Amino acid sequence: MELTKETLQEIYEKIDRKLLAECGRMGDKLPFIPENGVYPDMRERNLSWWTNGFWAGMLWQMYDAGKNPVYREVAERSEIAMNEALRRFTGLHHDVGFQFLHTAVADYRVTGNEESKVNGLHAATLLAGRFNPIGNYIRAWNLDKPGWMIVDCMMNIPLLYWAGEELEDPRFAYIADQHAHTALKYLVREDGSVNHIAIFDPATGELLARPAGQGYGEGSSWSRGQAWALYGFALAYTHTKKQEYLDAAKRVAHYFIANVAATGYLSLVDFRAPKEPVYWDTTASACAACGLLEIAGAEALTEYEKPFYYDNAVRMLAALAETQCNWNPEEDGIVQNGTSAYERENEMHVPIIYGDYFFVEGILRLMGKGFLIW
Ligand code: GLY
């Protein structure tokens, strides 16, 4: 499928029809993975679940693009639920970036709502408070994991860059940069592939292990983790203009593109898993496509380089649009064949809310619509 101006407009109209139908059904609910075509309510299952912001993020993007007030109203309802998660505190962790960049901070960015700004700053302070200054990383998860850092958090640190800019306080960017340097040192490999997790002694900062995480096994290459690094380093560059971040994003991008080129520009769950069984994770290529578009917009690239990143992003989004979208407005979820982790059978080859989010962000970016939520 060629993503011309006309086909993009058609896809946009299909997204609009589908999301307005979902808005009509959702009320105050928070979506994750539909069951028999219907989203259960994550407020009942886990109000602090890490994906609970993406629905609002997608609606803010659509509101910004087309100004239909339905999107704003439903996004504001999500924000109320997420503010309650913030108030409760228990259950929140490194993923407050995903949760509050897409709710409170997005609202503030689009409408200037001061109360939303304050909630966003609370979330950023919580994230900053997770910094381990001995190992120079933001700790992942809670309870027994004080020494764990994960690549996913590269997508959370834009919350710190935002707060630092709002407050004119360099401590936030300092923490984000420290985490990014540690990720570069211990998670990004020479060939551009990425580890999911590094475990340190939290009292000395000594590296203890790099386990498999959500990928196939130790030393493998979980595709969504690669996408988190690709887009996360591109965003770190956008916020800081540090060349080492752009170089890292490009290195991971080259590795990612080389792998998806072999599978029709759709992503496997893990690029280093056995050939059989074939497990897909479309959320990874949706996220990576947005990261490639971010790289393509970097002013430090030459005019020769830019089309490489842009064209590969288009190929990934076109592959999703051509074969992976369910446009039936009566069924929840657009992008099919998302998979949360290699070993999680009950969350395999299903629509997942963040797959829809990144697909919508990518399509809007190609149309010159939407805003940088990160
Ligand atoms: N941040 C968790 C995941 O990507 O599944």
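Given the structure, is THR263 touching a residue at least 60 places away in the same chain (Cβ under 8 Å), more than 16 Å from the ligand (Cβ to nearest atom) and surrounded by fewer than 24 Cβ atoms within 10 Å (Cβ to Cβ)? Reasoning before the result, please.
Numbers: touching a residue at least 60 places away in the same chain (Cβ under 8 Å): no; more than 16 Å from the ligand (Cβ to nearest atom): yes; surrounded by fewer than 24 Cβ atoms within 10 Å (Cβ to Cβ): yes.
In short, no.
Of all residues in the stretch 37-53, none satisfies being buried (at least 24 other Cβ atoms within 10 Å of the Cβ) and away from the ligand (no atom under 16 Å from the Cβ). Considering only residues that are more than 16 Å from the ligand (Cβ to nearest atom) and open to solvent by less than 10 Å² (accessible area, probe 1.4 Å), look in the stretch 86-122 and name the one that is nearest to LEU372 (Cα to Cα). Here the residue is ALA106.
Being open to solvent by 30 Å² or more (accessible area, probe 1.4 Å), within 13 Å of the ligand (Cβ to nearest atom) and in a loop (DSSP other than H, G, I, E, B) is the requirement here; does GLY219 meet it? Give the derivation first.
On the way: open to solvent by 30 Å² or more (accessible area, probe 1.4 Å): yes; within 13 Å of the ligand (Cβ to nearest atom): no; in a loop (DSSP other than H, G, I, E, B): yes.
Criteria not met by GLY219.
As for the stretch 228-236, it holds at least one residue that is among the hydroxyl-bearing types (Ser, Thr, Tyr) and surrounded by 15 or more Cβ atoms within 10 Å (Cβ to Cβ). Number of residues in the stretch 139-161 that are among the polar types (S, T, N, Q) and within 10 Å of the ligand (Cβ to nearest atom) equals 1. Checking LEU268, LEU207 one by one, the residue that is open to solvent by 40 Å² or more (accessible area, probe 1.4 Å), within 20 Å of ARG315 (Cβ to Cβ) and in contact (Cβ under 8 Å) with a residue 12 or more places away in the chain is LEU268 and no other. The number of residues in the stretch 274-298 being within 16 Å of the ligand (Cβ to nearest atom) and within 20 Å of GLU347 (Cβ to Cβ) comes to 10. Among the residues of the stretch 206-214, at least one is of a type in the set (Lys, Arg) and in contact with a strand residue (DSSP E or B) (Cβ under 7 Å, 6 or more places away or on another chain).
The values are calculated or read from the model by the stated rules, or taken from the named source; none is laboratory data. In this text the structure is predicted, and so the values were computed from the model without any measurement. Cβ atoms come from the backbone with ideal geometry, glycine included; neighbour counts cover every protein chain shown. Protein only, heavy atoms only, side chains kept; ligands, DNA and RNA dropped before computing areas. Shrake-Rupley method; radii C 1.70, N 1.55, O 1.52, S 1.80 Å.
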